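One structure is given below, encoded as structure tokens.
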Amino acid sequence: MVHRIYNFNPGPATLPLPVLEKAREELPVYRGTGMSIMEISHRSKEFTEVITSAEASFLELAGLKDDYQVLFLQGGASLQFMMIPYNFLPPGKTADYIVTGSFAEKALQEASRLGETHTAGSTKSTRHSSIPLRKELSFSPDPAYVHLTTNNTIYGTQWKYIPDCGSAPLLADMSSDILSRQIDLSKFSLFYAGAQKNLGPAGVTVVVLRKSLLKKIPNNICNILSYKIHADSGSLYNTPSCFSIYILKLVMEWLKAQGGIKTVEALNEAKAAKIYEAIDRSENFFQGHARKEDRSTMNITFRLSDEKLEKKFVEEAAREGMTGLKGHRSVGGIRASIYNAMPLEGCETLAHFMENFCLKNKS
Ligand SMILES: *Cc1c(COP(=O)(O)O)cnc(C)c1O
């Protein structure tokens, strides 16, 4: 076995080793078919089993029943920025967006091209270092829906409460914290995630929506962009990203074997605590970007006193087997992405490295 390093990349991101090993084992010949999963029909019995099992496991882990529909689409979370208003923002209505980071901003921009929008909250003035307080949100009178981003991948902030937006459907981009913690997902009418952070490889986007919402979709929109068409055909309207769905299914099985989301959440909190403690104990040698109450358990962002030192940090960490720590260009500094598949030892190793680096470089 070749040596694997600790991969803190924001996405595509680290995957569980047992999943990769299982995929390797089944790669040339998938279960007596004489072919790999990449070569068989998406309408075959074998692939039908894969996709049905992936949907069922997802709903089970999410704690949702079959009044929700799981879709496996393509185009990334970014296509959802457009598909949501295309399906759910009719003329004469307004869609509310809460802008807590770059992806939230992009979602708003796409919706604004297709209809009326209202910014119900924004943290731009704090450089997205926080999540709005309940009292800082102001919704429009009767929004078509309210959209938020549960975890801000670039800035390292995460919603710790679910806002009450009355009878308006609540929609969320959960790309970077889906299935990482126990939250009441039934409060959301629709949520979505590009798989490459917490669910599997790039190439598939999971969209989960209340079946009752499908009735609101106009019949005269383009098929490939209609949730209804995808739901009616069980995500097989066109050829889906078969291999990515297969790996996602293995990730769902791995999550269940971990003990489900309750166990995973506890571990994620312990992992994040290791690194935040290293930040807080450093007496401002490391400066966290996110307001403490809003700190993400998935993406941890911090700065050092100057860019030269940050560069040194990233280089030395790489030499010690930790990669992907350079922050996003819009925030700078360091970002450690520690999704479900990052083991506790990875976070301990990073925290330990941080403490030593601080000792050696503190003036
Ligand atoms: C990564 C990310 C996206 C973009 O996803 P793509 O699949 O590349 O389109 C959108 N939103 C959030 C919160 C993300 O973390």
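Laboratory data are not the source of any read-out in this text; all were calculated from the coordinates shown. Since the model is a prediction, treat every value here as computed from it, not as a measurement. Counting neighbours? That spans all protein chains shown, and the Cβs are built from the backbone with ideal geometry, glycine included.
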*asked:* Give me the dipole magnitude in Debye, nearest 20, for the stretch 142-242 about the Cα centre, with unit charges on the beta carbon: positive for Lys and Arg, negative for Asp and Glu.
replied: 160 debye
*Computed over the Cα atoms, what is the radius of gyration of the stretch 17-258 divided by 2.2 N^0.38 Å, N being its residue count?*
1.03
_Eligible aspartates and glutamates near Lys308 by straight Cα distance, threshold 19 Å, same-chain separation 8 or greater_ = Glu316, Glu320, Glu355
*Determine which lysines satisfy two conditions relative to Lys22: a Cα distance under 17 Å, and not lying fewer than 8 residues away in the same chain.*
Lys249, Lys256
*Given 0.36 nm per residue, what is the gain on full extension from Ile162 to Ser212 after removing their alpha carbon distance, in nm?*
15.9 nm
*Binning at 10 Å from 0, report for the stretch 259-361 what percent of all alpha-carbon pair distances ends up in each bin.*
15, 52, 28, 5, 0
*Per residue of the stretch 289-296, in order, report the coupling 6.51 cos²θ - 1.76 cosθ + 1.60 (Karplus, θ = phi - 60°) as ³J(HN,Hα) in whole Hz, putting x for Gly and Pro.*
7, 7, 4, 3, 5, 10, 4, 7
*Please give the calculated 222 nm ellipticity per residue for the chain, where each DSSP H segment of at least 4 residues contributes -39500 (n - 2.57) and the sum is spread over every residue; nearest 500 deg cm²/dmol?*
-11500 deg cm²/dmol
*Taking the Cβ of Tyr237 as the centre, find all other residues whose Cβ is under 14 Å away and add up their charges (Lys, Arg: +1; Asp, Glu: -1).*
+1
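Pairs to check: Lys271/Lys292; Lys160/Lys312; Lys124/Lys292. Give those whose C-alpha atoms are more than 26 Å from each other in this structure.
Numbers: Lys271/Lys292 16 Å; Lys160/Lys312 34 Å; Lys124/Lys292 17 Å.
Going by Cα-Cα distance, Lys160/Lys312 fall outside the 26 Å limit.
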_Under 10 Å, Cα contacts only: if you run a Gaussian network model on the chain, which one of Lys262, Lys308, Lys292 comes out with the highest mean-square fluctuation?_
Lys308
*asked:* Assuming 0.36 nm per residue, please report the length gained on full extension of the stretch Ile224 to Leu133 beyond their Cα-Cα distance.
replied: 29.0 nm
*Please work out the Cα convex hull volume for the stretch 44-157 and give it in Å³ per residue.*
148 Å³
_Per-residue ³J(HN,Hα) for the stretch 66-78, Karplus 6.51 cos²θ - 1.76 cosθ + 1.60, θ = phi - 60°, Hz, x for Gly and Pro_ = 7, 7, 10, 10, 9, 10, 10, 10, 10, x, x, 4, 4
*Choose one answer from Gln158, Gln69, Gln109: the residue with the largest mean-square fluctuation in a GNM of the chain with alpha-carbon springs under 10 Å.*
Gln109
*Highest GNM mean-square fluctuation, the chain, Cα pairs closer than 10 Å: which of Gly121, Gly327, Gly166?*
Gly166
*log₁₀ of I(q)/I(0) at q = 0.16 Å⁻¹ - the stretch 122-280, Debye sum with one point per alpha carbon*: -1.13
*Name all residues of the stretch 226-252 having a backbone nitrogen under 12 Å from the label point set 7 Å from the Cα of Glu39 along its Cα→Cβ direction, giving them as ranges.*
none
*Return the sequence-ordered ³J(HN,Hα) values of the stretch 213-228 in whole Hz as given by the Karplus equation 6.51 cos²θ - 1.76 cosθ + 1.60 applied to θ = phi - 60°, using x for Gly and Pro.*
5, 4, 5, 7, 7, x, 7, 9, 9, 4, 3, 5, 9, 9, 4, 5
*Report Rg (one decimal) and Dmax (nearest whole number) for the stretch 83-147, counting Cα atoms only, units Å.*
11.6, 34
*May I ask you to list the aspartates and glutamates whose Cα is less than 20 Å away from that of Lys211, ignoring any residue fewer than eight positions away on the same chain?*
Glu55, Glu60, Asp66, Asp67, Asp173, Asp184, Asp232
_Percentage relative contact order, the stretch 17-258, counting C-alpha pairs under 8 Å, at least six apart_ = 25 percent
